[in-house]
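The values are calculated or read from the model by the stated rules, or taken from the named source; none is laboratory data. All of these numbers come straight from a predicted model, not from anything done at the bench. Neighbour counts run over all protein chains shown; Cβ positions are idealised from the backbone, glycine included.
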Amino acid sequence: MKYLGIESQRPKIGVFDFTGCEGCQLQLANKEETLAAFLSCIDVVCFREISSASGEGFTIALVEGAISREDEVERIRWIREQAEVLVALGSCACFGGVNRLKNDFDLDEANREVYGDQPKPTLPVRAINEVVPVDLEIPGCPVSKAEVERVVQHLIWEVPFRFPAYPVCLECKQRYTVCVFEMGELCLGPITRAGCDAPCPAAGLGCWGCRGPAQETNFEEFLSVARERGFSEDEIVDRLAFFGGFRGIA
Amino acid sequence: MLFRCLSKEGFRDLVEMTLETIEVVGPKEIGRDKDDNPIHHYLPVSNPDELDFDYATTEYSAKTYFLPFQENLSTYRFDEDDWTQDIRYRIQPRAIIGLHACDINGLLKLDKVFARDFFPSPYYISRRENTFIVGIDHEPCEGGFCRSLGTDTVTHGFDLFLTDLGDRYFVAIGSDRGFGALQKVHAREITDEDTHDYLTERQRLAGLFQAEVPVHDLGTLLDIEFTSEVWEKWGRKCMSCGSCAMVCPTCYCYGVMEKVSMDFERGVKQRQAYSCNLVDFAEVAGGHNFRPDSTTRLKYRYYHQHRGFVEIYDEPKCVGCNRCGRTCLAGISPVEVITDLQMDEQT
């Protein structure tokens, strides 16, 4: 495949999953209208969900899920050693995701709650970048396939790529969504990084912040906006903690 | 200007006749907020009953029917070592019925930028010339300060402008296109009684609009107050989300980006509305940002509205609709910001 006179290198890509729902992997197989083109740009050497190939020799690793077991620590270190570029895919890989809520509880108690008298080996949940260095992070629950495509184009041909710096509000406005605060809902849109095209507020659900903070967030003002509208501290804190993207500022 | 009188039935016929050939857009109630206030948007309608002329204001201005939030400027096709470009800006004609004077004044300001300046935009002009505009008189909306900016009335920029006289409309004709449309629905010549009723109604409406914010000489005041703490006070509240610019009838700043299709056979150059309040608006090559603080960015938005635009086009960019004030979650209201500046100067 040629672009602007340059033949592509068709990089070898491995897709790996850790603690997560595998929804981000599934996203890679979505967007059927460009799926054939997407797969012809890359050489998939390992992708359990769509391919029986389980080869090694990948240069780009797309990693989904958070790290929550000792064997996962070893596996992600091995992947890091093999890969030239390691991309964290989705909120779990980037922030720890919903799994991270476990860290607010006693580990043994959480284990008993889920597995009863057959406890499993477990660790406090960590994002990929808390275990090994990460080159690129694509947040979202799930990731947007369109964004993954642009990142892959960037990796193959160095097509410029940037995440939007602005918060979700701009995308709501650009699709004429009535502000969910006006409808009495709590929303993290004013502090969450855009790029998802704001599907949740468009469906009447306030933003839950799966993409983490925008480039610059006015957290202080956001808190007073939420409080003025009658949302309790618990509601606000729960919302901010949900995907783990706001730890450090929440 | 020519005037005619049109019965309510005649107006209905006019809308129905228009609907037979082109898209008709107008104020439509789309739902209610948590306090049960109606929310209106300018949207396509399928019959005259969907037009709600009793609307106070719309959440969004009609700007995006002329400057869409996203627009493809051109598409490309790559072919071996060559490429071809395709530019299309011809659009289907459309009618927008029920615009208030502030929104038509907003279009007149955009005309100055996109139709009459050094670099006219064929994309804008195509939409503007292919849009039949019917304005309507109305009682002031809450929080609007159009009177202060002289945008509560409008003398051109429309095809027809209606004033409701109860059982009939007093119609100002703004174009030959508007004149032709009225011929088809048998609008009659105006009588002395029509003129009298019209002037009475205009006087009543004018009395309802109260100047809320003194903007005379605001350009000079802004220069004097360049380092005022007022900017710090309001700028610290700004969440840099750009909502104000999106709902504004005259904010027109945009970014351009190019995207390549996944099969690398096609490309597209897209224009996307942007806002001077967004964190990377003034970022240039090398990552240098001339306005890294929300306080500076907010200040410059006001400077463009009330000083920079005045220097180039002899009038403020703002039409006083207060859509930005209503949409701002942080409660940054133009009336309060400008009043604070006036107070600051007096103390």
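Pairs linking a residue in the range B:88-105 that is farther than 13 Å from B:D52 by Cα to a residue that is among the aromatic types (F, W, Y) and assigned to a loop (DSSP other than H, G, I, E, B), with Cβ atoms under 6 Å and 6 or more positions apart or on different chains, are B:I104/B:F158. Taken as a whole, the structure leaves A:R162 outside the set of residues that are touching an Asp or Glu at 6+ places or on another chain (Cβ under 8 Å) and at the interface with chain B (Cβ under 9 Å from one of its Cβ atoms).
With the checklist (1) farther than 21 Å from A:G90 by Cα; (2) at pLDDT 95 or above in hand, flag the one item A:V159 doesn't pass. Checking A:V159 against (1) farther than 21 Å from A:G90 by Cα; (2) at pLDDT 95 or above, the one that fails is (2). Selection of the range A:166-194 for residues being within 7 Å of chain B (Cβ to nearest Cβ), closer than 18 Å to A:A146 by Cβ and part of a loop (DSSP other than H, G, I, E, B) yields only A:Y166.
Is it true that some residue in the range B:332-341 is free of Cβ contacts under 8 Å to residues at least 40 places away in the same chain, of a type in the set (S, T, N, Q) and part of a helix (DSSP H, G or I)? Taking every residue of the range B:332-341 in turn, none turns out to be free of Cβ contacts under 8 Å to residues at least 40 places away in the same chain, of a type in the set (S, T, N, Q) and part of a helix (DSSP H, G or I). Any idea which residue in the range B:285-323 is nearest to B:G242 (Cα to Cα), counting only those that are within 14 Å of chain A (Cβ to nearest Cβ) and among the hydrophobic types (A, V, I, L, M, F, W, C)? Looking at residues that are within 14 Å of chain A (Cβ to nearest Cβ) and among the hydrophobic types (A, V, I, L, M, F, W, C), I get B:L298. For A:G140, indicate whether it is of a type outside the set (A, V, I, L, M, F, W, C), more than 14 Å from chain B (Cβ to nearest Cβ), outside any helix (DSSP H, G or I) and surrounded by 15 or more Cβ atoms within 10 Å (Cβ to Cβ). For A:G140, the condition - of a type outside the set (A, V, I, L, M, F, W, C), more than 14 Å from chain B (Cβ to nearest Cβ), outside any helix (DSSP H, G or I) and surrounded by 15 or more Cβ atoms within 10 Å (Cβ to Cβ) - is met.
The residues on offer are A:E56, A:E7, A:E22, and the sole one that is within 14 Å of chain B (Cβ to nearest Cβ) and at pLDDT below 95 is A:E7. Is it true that some residue in the range B:40-62 is within 11 Å of another protein chain (Cβ to nearest Cβ), surrounded by fewer than 19 Cβ atoms within 10 Å (Cβ to Cβ) and closer than 18 Å to B:F132 by Cβ? Checked the range B:40-62: at least one residue is within 11 Å of another protein chain (Cβ to nearest Cβ), surrounded by fewer than 19 Cβ atoms within 10 Å (Cβ to Cβ) and closer than 18 Å to B:F132 by Cβ.
Here are B:F309, B:F264: which of them is at pLDDT 95 or above and among the aromatic types (F, W, Y)? Going through B:F309, B:F264 in turn, just one is at pLDDT 95 or above and among the aromatic types (F, W, Y): B:F309. For the range B:63-92, which residues satisfy the criterion of being surrounded by 13 or more Cβ atoms within 10 Å (Cβ to Cβ) and under 19 Å from the mean Cα position of the chain (by Cα)? Once the filter is applied, which keeps residues that are surrounded by 13 or more Cβ atoms within 10 Å (Cβ to Cβ) and under 19 Å from the mean Cα position of the chain (by Cα), the range B:63-92 yields B:K63, B:T64, B:Y65, B:F66, B:L67, B:P68, B:F69, B:E71.
Please find, within the range A:159-178, the residue that is farthest from A:A198 (Cα to Cα) out of those that are surrounded by 24 or more Cβ atoms within 10 Å (Cβ to Cβ) and aliphatic (A, V, I, L, M). Going through the qualifying residues, I end up with A:L170.
Kindly indicate whether A:E130 is surrounded by fewer than 21 Cβ atoms within 10 Å (Cβ to Cβ), farther than 30 Å from A:E84 by Cα, among the charged types (D, E, K, R) and at pLDDT 95 or above. Please lay out each step first, then the result.
Working: surrounded by fewer than 21 Cβ atoms within 10 Å (Cβ to Cβ): yes; farther than 30 Å from A:E84 by Cα: no; among the charged types (D, E, K, R): yes; at pLDDT 95 or above: yes.
So A:E130 does not fit the description; no.
Between B:T75, B:T84, B:T58, which is out of contact with any Cys (no Cβ under 7 Å at 6 or more places or on another chain), free of Cβ contacts under 8 Å to residues at least 12 places away in the same chain, among the β-branched types (V, I, T) and over 20 Å from B:R177 (Cβ atoms)? Steps first, please.
Values: B:T75 fails: free of Cβ contacts under 8 Å to residues at least 12 places away in the same chain; B:T58 fails: free of Cβ contacts under 8 Å to residues at least 12 places away in the same chain.
Testing whether each residue is out of contact with any Cys (no Cβ under 7 Å at 6 or more places or on another chain), free of Cβ contacts under 8 Å to residues at least 12 places away in the same chain, among the β-branched types (V, I, T) and over 20 Å from B:R177 (Cβ atoms) leaves just B:T84.
Pairing residues of the range A:53-81 that are more than 28 Å from A:D104 (Cα to Cα) with residues that are basic (K, R), at Cβ distances under 7 Å and at least 6 apart in sequence or on separate chains, gives A:G57/A:K12; A:F58/A:K12; A:T59/A:K12.
Scanning the range B:197-233 for residues being in contact with a Ser or Thr (Cβ under 8 Å, 6 or more places away or on another chain), at pLDDT below 90 and not small (G, A, S) gives a total of 4.
Just give me the residues in the range A:198-228 being more than 9 Å from chain B (Cβ to nearest Cβ) and part of a helix (DSSP H, G or I), in sequence order.
So in the range A:198-228, the residues more than 9 Å from chain B (Cβ to nearest Cβ) come out as A:198-213, A:219, A:223, A:226-227.
Once the filter is applied, which keeps residues that are more than 9 Å from chain B (Cβ to nearest Cβ) and part of a helix (DSSP H, G or I), the range A:198-228 yields A:P199, A:C200, A:P201, A:A202, A:F219, A:L223, A:A226, A:R227.
With a requirement of 2 or more residues that are surrounded by fewer than 20 Cβ atoms within 10 Å (Cβ to Cβ), the helices (runs of 4 or more DSSP H) lying completely within the range B:238-319 that satisfy it span B:294-303, B:309-313.
Among the listed residues A:I128, A:I156, which satisfies the condition of being away from every other protein chain (no Cβ under 14 Å) and over 19 Å from B:N277 (Cβ atoms)? Reasoning before the result, please.
Values: A:I156 fails: away from every other protein chain (no Cβ under 14 Å).
Selected residue: A:I128, the only one of A:I128, A:I156 that is away from every other protein chain (no Cβ under 14 Å) and over 19 Å from B:N277 (Cβ atoms).
Considered as a group, the residues in the range B:102-125 that are of a type in the set (A, V, I, L, M, F, W, C) and buried (at least 24 other Cβ atoms within 10 Å of the Cβ) include one that is farthest from B:G135 (Cα to Cα), and that residue is B:L107. Selection of first residues in the range A:185-199 that are on the phi > 0 side of the Ramachandran plot and of second residues that are among the hydroxyl-bearing types (S, T, Y), restricted to Cβ pairs under 9 Å at least 6 apart or on distinct chains, gives the following pairs, ordered by first then second residue: A:G195/A:S144; A:D197/A:S144; A:A198/A:T177.
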